[in-house]
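What follows is a single structure, written as structure tokens, with notes after it.
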Amino acid sequence: MFNKFSKKNHKIIIALLLYCFIAFLFILITPNVLAATIDPGLEQMTATGLSDQDIRITIANIIRAVIGFLGIIAVGLVLYAGWLWMTSEGEEDKVEKAKLILKNALIGLIIILSSFAIVSFILNKLIESTAGGGGSVGGGPGGGVSGGIAALGSGIIEFHYPGKDQKAVPRNTNISITFKEAINPAAIITNNKINTSNIKIYKTKDGLTGSMVTDVNASKSADNKTFIFDPSQFLGSSAENFWYTVALSKDIKTTRDVFAFGVLSGLFPYSWSFEVSTIVDETPPKIESIIPQPSATEPRNVVIQINFDEAINSMSASGATKKGFNNIVVSASSTGNASSLVAGNFYLSNQYRTVEFLTEDKCGVNSCGLDVYCLPGNKDISVLVKADDPTTSLYNGIVDMSDNSLDGNKDGVVQGPTADNYAWLFKTSNDIDTSPPVITKVNPNINSDGAGLSATVEAEFNKLMMANSLNSDSLNLVGTPVINYWISKTDDASTSKTTVIFNHDQFNEDSRYSPKITSAVKDVYQNCYFPCSGVNETGSNVQGGPSCCNGVANLGAVCP
């Protein structure tokens, strides 16, 4: 009798444990799955006591609470049925009643789980259909969220100044935003001022209910991708530091009439903060390094690169020669002959610190089939970088983000044009460099575990790299959940190597991230990173292999 009763209890205990495990697992994962499925990243208007939470998220939270409550009831029924069965002492009526309750509880759990799956599917489709992007932020090339890839604003912003959480920002700073796709100017600028409905600038501690910085001049680049905001009054105070926040509205649209922030929710889906110091910046910018070096002879497909020691105002340093840009002048001449202007385009990148010049003379394609542009061959090339004349209203030379003119002779004194212009000469041959760049070092190591939440993520190339090709289209930081990241570079002139840096928000614990470097990355001779080559898990350099697949280097992940 004892053995019979023990066997019966043994089966009951196993059944109870199974049911409890299923119910507990359901209750445990339901909130997390819903939260992961519908994670809007909202800007909460806590200072007002009101919420700008998306109505879809509110509905999802209500459904989650209801389903969680039903799950608790199911667990209670399972426990009650188990107690009833174990105390039945062989009474058939009690045993049958317990079995019926367990059966109904199991059916209830199945219904609840099915309901959860159906609701999740419907909410996901609702988000996709109403987000203006179907899961792709901005809809621009490389600008979407796919497979865990994100950049600033989940893909639509290439970089901005000041940077996220940047400190010691001068009071007289300009604020700049560069988008990956052309933005409807009316969404940003109204009568040469910021559109205060879509752009909010305020002291962080005061929140969105505090006083706004509204008297802000605004200008834009010709391609409608870069916008400069110039506050009429200095930010902050001469007595103490203040944090400021810039918030961008959900109503900002691209020139294709697509919502720029796509799947991101909230009234202001992207914002960032920076600390303004007590200092007014009167220090002029200086040129830190140049490519090519003075008096060097280079293949004619070399890119002219100018690296500054601080962020430069894009309105002063980028543009097309055919549209009148002449703050930087490139000329070519033969010995004894007059020089002639070389037509082309100047691009600002590397967090506004690098200007590069490409001609309009196509001279071939690289190994990825992309066009290569060349300077005139067998010529003396001169480059003139002009300082700004502050007496004019337009930028006619290089200025920094505080409108200080270039200090070309590096004497620490702003002297304006001629005295502070910077110039150098080099020669071109008729040769074309066709050797692709190779990755020589990565950090963290491939497949490494235990990286810090603020770990430095970088890759070193064996050649100097073209800054304009180093962006969040060509360099991806893939992981779940997604985080903001932005790209910068440093050069080592002594070894002619470039280190590419993935700047990022704090990583999430126990999550795996994979930096990916695509073949869109180029060296200063416009050679793409293809065929893919780099270091493997052992630190050895390989052509193809574990660190490469389909032209993509996976720094920290094994290729499938």
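The values are calculated or read from the model by the stated rules, or taken from the named source; none is laboratory data. Please read these numbers as outputs of a predicted model, since none were measured by experiment. When we count neighbours, we look across all protein chains shown, and the Cβ atoms used for this are built from the backbone with ideal geometry, even at glycine.
Structure values in brief
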item	result
From G412, G408, G377, residue being at positive phi and not assigned by TED's automatic domain parsing to the domain that holds S221	G412
Residue, surrounded by the most Cβ atoms within 10 Å (Cβ to Cβ), within the range 276-321, restricted to residues that are more than 30 Å from F234 (Cβ to Cβ) and charged (D, E, K, R)	R300
Enumeration of residues in the range 162-203 that are farther than 22 Å from K253 by Cα, exposed (fewer than 15 other Cβ atoms within 10 Å of the Cβ) and of a type outside the set (A, V, I, L, M)	D165, K167
Answer residue from the range 358-384, given it is of a type in the set (A, V, I, L, M, F, W, C) and closer than 14 Å to T321 by Cβ and is surrounded by the most Cβ atoms within 10 Å (Cβ to Cβ) among those	L375
Close pairs (8 angstrom Cβ cut-off, 6 or more residues apart or separate chains): closer than 17 Å to P376 by Cα in the range 424-439, part of a loop (DSSP other than H, G, I, E, B) and β-branched (V, I, T) anywhere	T428/V302; D433/V302
Set Q506, Q543: member being of a type in the set (S, T, N, Q), surrounded by fewer than 18 Cβ atoms within 10 Å (Cβ to Cβ) and modelled with pLDDT under 85	Q543
Some residue of the range 205-222 being more than 15 Å from I156 (Cβ to Cβ), exposed (fewer than 14 other Cβ atoms within 10 Å of the Cβ), among the hydrophobic types (A, V, I, L, M, F, W, C) and touching a Lys or Arg at 6+ places or on another chain (Cβ under 7 Å)	yes
Any chance T418 is within 25 Å of N326 (Cα to Cα), surrounded by fewer than 20 Cβ atoms within 10 Å (Cβ to Cβ) and polar (S, T, N, Q)	yes
Residue among D420, D389 that is farther than 30 Å from C368 by Cβ and touching a strand residue (DSSP E or B) at 6+ places or on another chain (Cβ under 7 Å)	D420
Qualifying strands (runs of 3 or more DSSP E) (wholly inside the range 292-370; at least 3 residues being of a type in the set (V, I, T))	328-333, 354-359
The lone exception for D433 - which of (1) part of a loop (DSSP other than H, G, I, E, B); (2) over 19 Å from E288 (Cβ atoms); (3) assigned by TED's automatic domain parsing to the domain that holds Q526; (4) of a type outside the set (V, I, T) it fails	(3)
Hits in the range 440-459 (condition: outside any loop (DSSP other than H, G, I, E, B) and in contact (Cβ under 8 Å) with a residue 40 or more places away in the chain)	T440, K441, V442, V457, E458, A459
Test: A187 is on the phi > 0 side of the Ramachandran plot and at pLDDT 95 or above	no
Residue selected from the range 400-415 under the condition in a loop (DSSP other than H, G, I, E, B) and closer than 14 Å to F308 by Cβ, by the criterion nearest to the chain's Cα centre (by Cα)	M401
Filter result (within 16 Å of the chain's Cα centre (by Cα), more than 21 Å from N307 (Cβ to Cβ) and modelled with pLDDT under 90) within the range 430-473	D473
